[in-house]
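What follows is calculated from the coordinates using simple rules that are stated; it is not laboratory data. Just so it is clear, the structure is predicted and the values come from calculations on it, not from any experiment. Neighbour counts are summed over all protein chains in view; Cβ atoms, including those assigned to glycine, are modelled from backbone coordinates with ideal geometry.
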């Protein structure tokens, strides 16, 4: 069924396997064949169709929504809504069998069997072109390591770190050595340690499997190029074989993208049952059945989409059958939310797919609109400011601390944004209660503007900063007289640029950016905000690393905080990596390496708390806010007048709009 994994992107969580199979046919074919088209509004264009690049430096939420929605099956994953750890293409019928299969032996190996009969489909014709076998699994893991299907060095210049983006977190080269084919449906993994929750349970076992027949010649050609990674990522990739529920059809830049349904994929018709009281069953009669007996119970949350009540016993359950039940999905690209809201109210789109949810100014309008449904959920995102730490004065810790002090998160979220965002000082969101450290440093919290300025000025002076005209602070009157001519060790600090999304894309981050500009300039820090497009920021920061400072956000995948390593380990600071700020702290790296190698949950939590404490003092990121998700959809367009389920951590957007479950009237 729907498997959700931990891969990261700029404000993203994506749904795996049942969500999509990708293809390419003409728009006329889609329109002629499709009677029911599920229409989704998105707010930025794609930047790539190459799935490997999208997991690398092209990791934007919009690419993930469209191109990675169910593209690569994984061995294991999470169940819908409740996040039970269950098999994907791994062949296990019980929880005990699954646990035994994924247990790493004393010889640092593990043997995984995969389901028989999973087919690859030609994305242009929708026809079966072969079976997914152990050859595909072994190749997928080995190729990212620069090795062939036998585990031998083969692709010089290719490895997870060089590939960048999510790849070092998906396949950790310090943990994984290679995989070997045992037989057609069995793969043996050779590892460098007997356990690693991050590297194994939520790493390799969640990694995507792709077609050996398609990618092997492309890896061979790339290895001969002057820049192998660049050559690999230059493949368009729209003709890549896939094994899930959606056939990618077309991308019209600036207008739309679309996929048609693949109703012959392996999991089509599979049914899952998950009672709120615990336990899990998934079955496709005559094909496979899996039973998960661990009783992790949840109190019923009022979710009408999952409220299946038994007449003879007081239980509530989520019951899903895998589709697709529509003929096509279309992603329509809108320049702003106002236009998309109008389209939703008119019925031209069914769901607004946005990691930020619906902006505040439209919420009352949508609540009053006939036929429109509303879902409100806790978000699993982080919105932050960061700097180019390779440059002065951004590489001075006290400068970053002074910036954090001057930002009045409570004023912005409560007054300017009317309570629509939650101020934060931590990388891990408060809603992720299992991993959130409540004892991180909170520079400037609770201080008035003048008190903030006084503290920031003292901190800057201690670090070697001075002014031609020093700012003056009147604490009793809560006034700050601006300073000018900031210097660091006698050298003038040049005006710098703060990149941030424009108002039409995200008014929350734009508002924070303007607040930061005003407050920093008051104490003589010469910053100028540049409100611009999302793709412009992403390219300058991650692809080119030509920037001073920026504001963006991350969707943090699952609850396990592997992103603490991905975002801040120095090995990820190259072009296309997830540490474009260039943070380099050997002490932090050591703890991050321990975290990646740990298995015990108590030890993992201890290390995660330590990393959060270091980051809250060093501030390579200045956390700004989290935001609960307010989402809107055409309830009256769906069977039952609701989504298949509506209450879920990180919102319906985190499932990519439940593409494989929705049923249109």
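Run the numbers for residue 641 and residue 108: contour at 0.36 nm per residue of separation, minus the present Cα-Cα distance, in nm.
Fully extending the segment from residue 641 to residue 108 adds 186.8 nm.
Rounded to the nearest 10 degrees, what's the angle between the helix 397-406 long axis and the longest principal axis of the chain, both from Cα atoms, 0 to 90?
That works out to roughly 90 degrees.
Antiparallel DSSP bridges in the chain: what percent, to the nearest 5?
Beta bridges within the chain, antiparallel portion: roughly 80 percent.
What nm distance separates the two modelled labels at residue 599 and residue 315, each placed 7 Å from Cα along Cα→Cβ?
3.3 nm
Treating the angle as unsigned and between 0 and 90°, give the value, to the nearest 10°, between the Cα long axis of helix 601-618 and the longest Cα principal axis of the chain.
So the inclination is approximately 30 degrees.
Hey, got the Cα dimensions of the chain along the principal axes, in Å, largest first?
78, 60, 50
Please compute the length gained on full extension between residue 448 and residue 606, using 0.36 nm multiplied by the number of residues separating them and subtracting their Cα-Cα distance.
Here the segment from residue 448 to residue 606 would lengthen by 53.5 nm.
Determine the calculated [θ] at 222 nm for the chain from helices alone, applying -39500 (n - 2.57) to every DSSP H run no shorter than 4 residues and normalising by the residue count; nearest 500 deg cm²/dmol.
Helix-only estimate at 222 nm: -6500 deg cm²/dmol.
Restricting the count to DSSP beta bridges whose residues both fall in the stretch 381-626, what percent are antiparallel, rounded to a multiple of 5?
In the stretch 381-626, approximately 75 percent of DSSP beta bridges are antiparallel ones.
How much length, in nm to one decimal, is gained on full extension between residue 289 and residue 469, taken as 0.36 nm per residue of separation minus their Cα-Cα distance?
Answer, rounded to one decimal: 57.4 nm.
Rounded to the nearest 5, what is the percent of antiparallel bridges among the DSSP beta bridges in the stretch 451-547?
Beta bridges within the stretch 451-547, antiparallel portion: roughly 60 percent.
When 183, 84 are ordered from fewest to most other Cβ atoms inside 10 Å of their Cβ, what list results?
Ordered from fewest to most neighbouring Cβ atoms within 10 Å, 183, 84 come out as 183, 84.
Sort 444-451, 476-483 by the packing proxy (mean of other Cβ within 10 Å over each peptide's residues), most packed first.
444-451, 476-483
Would you mind calculating the relative contact order of the stretch 381-626 from Cα pairs under 8 angstrom and at least 6 residues apart, reporting the percent as a whole number?
It comes to 30 percent, rounded to a whole number.
Quick one: angle between helix 586-597 and the longest Cα principal axis of the chain, in degrees between 0 and 90, rounded to 10, please.
It works out to around 20 degrees.
Using the number of other C-beta atoms within 10 angstrom as an exposure proxy, rank 273, 114 with the fewest first.
Lowest to highest Cβ neighbour count: 273, 114.
Sorted from largest down, give the three principal axis spans of the alpha carbons of the stretch 381-626, whole angstrom values.
Each principal axis gives a Cα extent; for the stretch 381-626 these are 54, 38, 36 Å.
Mind giving me the nanometre distance, one decimal, between the label points for residue 411 and residue 364, set 7 Å out from Cα along Cα→Cβ?
So the label points at residue 411 and residue 364 sit 2.6 nm apart.
Treat each spin label as a single point 7 Å out from the Cα along the C-beta direction, and report the residue 478 to residue 308 distance in nm.
Going by the 7 Å Cα→Cβ label model, 5.5 nm.
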